[in-house]
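Below is one structure, written out as structure tokens, with a few remarks after it.
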Amino acid sequence: MRREIKEVLVYTAENSAMAKMLVEKLKQMKIPARLGVESAAAGVFGISEGSRTILVPEEFAQRARKALLK
């Protein structure tokens, strides 16, 4: 039986480039992380800005938040 993994939002970055950089930082620390999917991803001119939210499995949330505060 497959266990469902609950993800939690641990951080919202100022922009998508910063979010990508922080996801890579977490992955280097062996914390599984990914960018969230934002429903309002289109900017003023309909150009997607990308996601700014960072999600991790619930059991890594506390560790991820501490890492992102450094």
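What follows is calculated from the coordinates using simple rules that are stated; it is not laboratory data. Just so you know, these numbers come straight off a predicted model, no measurement behind them. Glycine gets a Cβ as well: all are built from the backbone with ideal geometry, and neighbour counts include every protein chain shown.
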Eligible lysines near Lys25 by straight Cα distance, threshold 19 Å, same-chain separation 8 or greater: Lys66, Lys70
Förster-model FRET efficiency, 22 Å R0, Glu14 and Lys70, C-beta, rounded to 0.05: 0.85
Residue exposure sequence - Glu59, Glu7 - by fewest surrounding Cβ within 10 Å: Glu59, Glu7
³J(HN,Hα) computed for each position of the range 53-70 - Karplus, 6.51 cos²θ - 1.76 cosθ + 1.60, integer Hz, glycine/proline x: 8, 10, 10, 9, x, 3, 5, 9, 4, 4, 4, 5, 4, 4, 5, 6, 7, 7
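Determine, for Ile54, Ile5, the number of other Cβ atoms within 10 Å of each Cβ, and report the residues in order from fewest to most.
Numbers: Ile54 26, Ile5 10.
Starting with the residue having the fewest Cβ neighbours, the order is Ile5, Ile54.
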